[in-house]
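Here's the structure we're looking at; comments come further down.
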Amino acid sequence: MKNYIKDQIKKSYETKQAVYENDNLINKIEQVSKLCVELYKGKNKTILAGNGGSAADAQHIAAELVGRYGFDRPSIPSLALTTDTSCLTAIGNDYGYDKVFSRQLEGMGQEGDLFIGISTSGNSKNIINAFEVAKQKNITTVALVGRDGGEMAKMADIALVVPSNSTPRIQESHILIGHIICDIIEKEIFGNGVS
């Protein structure tokens, strides 16, 4: 069993190593970070959504921004569309599960906001529908995905594709990328910046 545990840790490390060595992905993480800094200076917000473990990641990243990441500072506006059970169940009941995020984005998203859709496969229909609403409202879209990026990577303004086919490894890298973006936002807006 110890060897199995060590093997799981090694696989996680190897996926993060692949992220580390992927200059295109690093450049896109930097691009998203800079975009977030600019939109927050303009009084806009980030909006996130995902299903299952990716819903938890959406909530985690939003909480890091609204609360704090590394140090005390003013709250940064961020919203996870996965948290309001009344909205989710009403929309799911009345319009279908494929509309649970697009309907919320239609009501709460504004031009200049940033929508981050999180999915390991990149093919979550409810996030694809939200991307379509985002385009109509001039909301920039980021796909935080894995595998080949799926349909979401084709639709997004920026696609952050973790180079892995393993759902757990993709999710572990998603939260790493989310943490890096939160860290940069916080330091660029309220700290001494990053080099």
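The table that follows gives values for the structure above.
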quantity	calculated
Close pairs (8 angstrom Cβ cut-off, 6 or more residues apart or separate chains): farther than 11 Å from Ser173 by Cα in region 1-29, of a type in the set (A, V, I, L, M, F, W, C) and not in a helix (DSSP H, G or I) anywhere	Leu25/Leu160; Leu25/Val161; Leu25/Val162; Lys28/Ile158; Lys28/Ala159; Lys28/Leu160; Ile29/Leu160
Some residue of region 143-151 being in contact (Cβ under 8 Å) with a residue 12 or more places away in the chain, at positive phi and not charged (D, E, K, R)	yes
Residue among Val32, Val37 that alone is modelled with pLDDT of 95 or more, in contact with a Leu (Cβ under 8 Å, 6 or more places away or on another chain), surrounded by 13 or more Cβ atoms within 10 Å (Cβ to Cβ) and part of a helix (DSSP H, G or I)	Val32
Criterion: modelled with pLDDT of 95 or more and buried (at least 20 other Cβ atoms within 10 Å of the Cβ) - qualifying residue of Gly109, Gly96, Gly92	Gly109
Some residue of region 70-84 being in a loop (DSSP other than H, G, I, E, B), hydrophobic (A, V, I, L, M, F, W, C) and surrounded by fewer than 17 Cβ atoms within 10 Å (Cβ to Cβ)	yes
Cross-chain or 6+ apart pairs with Cβ under 7 Å, region 179-193 first and farther than 19 Å from Leu79 by Cα, then part of a helix (DSSP H, G or I) and modelled with pLDDT of 95 or more	Glu188/Val37; Gly193/Lys187
Which listed residue, of Ile158, Ile139, is crowded, with 21+ Cβ neighbours inside 10 Å and not small (Gly, Ala, Ser)	Ile139
Residue among Leu48, Leu105, Leu79 that is of a type in the set (A, V, I, L, M, F, W, C) and in contact (Cβ under 8 Å) with a residue 60 or more places away in the chain	Leu48
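Okay, residues lined up against (1) at pLDDT below 95; (2) over 15 Å from Ala55 (Cβ atoms); (3) under 12 Å from the mean Cα position of the chain (by Cα):
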{"residue": "Leu88", "(1), (2), (3)": "no, no, no"}
{"residue": "Gln104", "(1), (2), (3)": "no, no, no"}
{"residue": "Asp113", "(1), (2), (3)": "no, yes, no"}
{"residue": "Asn123", "(1), (2), (3)": "no, yes, no"}
{"residue": "Ala130", "(1), (2), (3)": "no, no, no"}
{"residue": "Asn138", "(1), (2), (3)": "no, yes, no"}
{"residue": "Val142", "(1), (2), (3)": "no, yes, yes"}
{"residue": "Asp148", "(1), (2), (3)": "no, yes, no"}
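Yes/no matrix, rows are residues, columns are (1) over 30 Å from Phe190 (Cα atoms); (2) in a loop (DSSP other than H, G, I, E, B):
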{"residue": "Lys43", "(1), (2)": "no, yes"}
{"residue": "Ala58", "(1), (2)": "no, no"}
{"residue": "Ile91", "(1), (2)": "yes, no"}
{"residue": "Asp94", "(1), (2)": "yes, no"}
{"residue": "Glu111", "(1), (2)": "no, yes"}
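The values are calculated or read from the model by the stated rules, or taken from the named source; none is laboratory data. All figures in this text were calculated on a predicted structure; none of them were measured in a lab. All Cβ positions, even for glycine, are placed from backbone atoms using ideal geometry, and neighbour counts span all protein chains on display.
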